[in-house]
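*Asks:* Input: one structure, supplied below.
Just so it is clear, none of the values below were taken in a lab; they were calculated from the coordinates. Worth saying up front: this structure is predicted, and the values here are computed from it rather than measured. A quick note on method: Cβ atoms are made from the backbone with ideal geometry, for glycine too, and the neighbour counts reach across all protein chains shown.
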Amino acid sequence: MSPNKLASSFPLGIELPKELKKLCEWNEVNGYPISGGFELRQHDDKTIQCWFGTAKPIGFLAQFGAGPDGSLYCIWKHNGDFLIVHMGSEGQNNFVLASNPVDFLRLLAIGYDEIGFADLSLPPENEDEINPSFQDWVSINFNVPIPKTGNEITGPLQGISDNFQSWIDSQTD
């Protein structure tokens, strides 16, 4: 998906970060799989409305990806921050994945088949889901290491994840 196509689908007030634009460009050259079952996906307010059952959260979330089960990967606009979140397809496993796009790319590069449902305290179970060329691209382009487990990135965000779930609950009241 072109970065312009994805960026133009975003709601006002949420911009597609340059790191995710670069991911789109990488995907245009290299194709799928990026890592595990993750795929880039255009934002659509109707998807957000269907997930919540109300239009109340529109403008606070910008979807940029999806998992194989329909889980959403979004940017959540919260108190001036733009956090990367996972929203399970059935309303479960909703949590903050990363506090910034580079950490999200590091988490994605680990190679979990479904980040939102994996045990992030362990390395990926299926090494076939790991994409070494994507790992190299993330490491080289952003000058960062790829952690062995996702907890290195998601662990410190537990309190924010609790806030995210509370926010979700408040939108559906």
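*Asks:* Does at least one position in region 87-101 carry a residue that is within 15 Å of Leu61 (Cβ to Cβ) and touching a Cys at 6+ places or on another chain (Cβ under 9 Å)?
*Replies:* Yes - at least one qualifying residue is present in region 87-101.
*Asks:* Restricting the search to region 52-76, which residues are more than 18 Å from Ala7 (Cβ to Cβ), touching a residue at least 24 places away in the same chain (Cβ under 8 Å) and surrounded by fewer than 19 Cβ atoms within 10 Å (Cβ to Cβ)?
*Replies:* The answer is Phe52, Gly53, Thr54, Lys56, Pro68, Asp69.
*Asks:* Across region 142-161, which residue is surrounded by the fewest Cβ atoms within 10 Å (Cβ to Cβ) among those that are closer than 18 Å to Leu20 by Cα and either aromatic (Phe, Trp, Tyr) or more than 17 Å from the chain's Cα centre (by Cα) (or both)?
*Replies:* Of region 142-161, the ones closer than 18 Å to Leu20 by Cα are 142-146, 153.
With the extra rule that they be either aromatic (Phe, Trp, Tyr) or more than 17 Å from the chain's Cα centre (by Cα) (or both), the set shrinks to 142-145.
Working: Phe142: 16, Asn143: 8, Val144: 14, Pro145: 12.
So the residue we want is Asn143.
*Asks:* Oh, and also: Which residue is farthest from Pro147 (Cα to Cα), if the candidates are limited to region 77-90 and must be of a type outside the set (Ser, Thr, Tyr), touching a Phe, Trp or Tyr at 6+ places or on another chain (Cβ under 9 Å) and without any contact (Cβ under 8 Å) to a residue 40 or more places away in the chain?
*Replies:* Looking at residues that are of a type outside the set (Ser, Thr, Tyr), touching a Phe, Trp or Tyr at 6+ places or on another chain (Cβ under 9 Å) and without any contact (Cβ under 8 Å) to a residue 40 or more places away in the chain, I get Gly88.
*Asks:* Between Ile153, Ile168, Ile140, which is within 26 Å of Ile58 (Cβ to Cβ) and in a helix (DSSP H, G or I)? Steps first, please.
*Replies:* Working: Ile153 fails: within 26 Å of Ile58 (Cβ to Cβ); Ile140 fails: within 26 Å of Ile58 (Cβ to Cβ).
Among Ile153, Ile168, Ile140, only Ile168 is within 26 Å of Ile58 (Cβ to Cβ) and in a helix (DSSP H, G or I).
*Asks:* Oh, and also: Residue check: is Phe117 at negative phi, surrounded by fewer than 18 Cβ atoms within 10 Å (Cβ to Cβ), more than 16 Å from the chain's Cα centre (by Cα) and aromatic (Phe, Trp, Tyr)?
*Replies:* Details: at negative phi: yes; surrounded by fewer than 18 Cβ atoms within 10 Å (Cβ to Cβ): yes; more than 16 Å from the chain's Cα centre (by Cα): no; aromatic (Phe, Trp, Tyr): yes.
No, not satisfied.
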